[in-house]
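Novice: Take a look at this one; I'll ask things after.
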Amino acid sequence: MHPVASFAAFAAFACVVSCSDDATSLSRSGTRSGAGTSSGVSSGAPSTSSGGSSSGAGSSGTGSAAEICVATINDFRLSLGLAPYARWTETESCADGEATTDASTNRPHGAFGKCQEFGQNECPGRPGPAEKMIPECLKDMWGEGPGGGHYEQMASKKYTKVACGFGTAANGEIWALQNFR
């Protein structure tokens, strides 16, 4: 099989497993840069939080990026009467690593599965800081509505927890992902 065809087949599979974004569909910058070195953005996640939006952080933009991420997702879930996802703090540093890898390779979901997640959404290449970009990206995903891959993961009843990870590309853009399990 031709390498491009092989990658296309893998990418189609990965999108079914994780979600359906590409490097530009959820990017606000409108431009894509090449791969380069990157460094992670700390999620600021305390390892003692057990879940939900218990931190008091919500889409209002207070708290760490990870707290805002989980609380924003749970705010959307609440609008449907769904139980909140627990904050999956044990894998937030791993999720940061996945986001950093994806930012450095300019490839959404390139590191998917390394944190034992079952599903993943990703916000590729947005202007930072992470605490400011994550509510907007999650709102865009939720706005896909039923049938949209990102929305379906955020509104899923099969997952119980979410870990949010953040990485910074060489050009300063923030990559954020949400791992579901």
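FYI, it's all coordinate maths here, none of it is from the lab. What you see is a predicted model; the values in this text were computed from it and never measured. All Cβ positions, glycine included, derive from the backbone under ideal geometry; neighbour counts span all protein chains shown.
Novice: Separation between the Phe118 and Lys139 pseudo-spin-labels, each 7 Å from Cα along Cα→Cβ, expressed in nm?
Specialist: My value for the distance between the label points is 3.1 nm.
Novice: Shifting gears a bit: Starting from the Cα of Glu90, step 7 Å along the direction of its Cβ; do the same at Lys157; then give the gap between the two resulting points in nm.
Specialist: Inter-label distance under the simple model: 2.6 nm.
Novice: Here's something else I'd like to know. Apply the Karplus curve 6.51 cos²θ - 1.76 cosθ + 1.60, θ = phi - 60°, to the phi angles in the range 159-167 and return the couplings in whole Hz, x for Gly and Pro.
Specialist: The phi angles translate into 9, 10, 8, 9, 10, 9, x, 9, x Hz.
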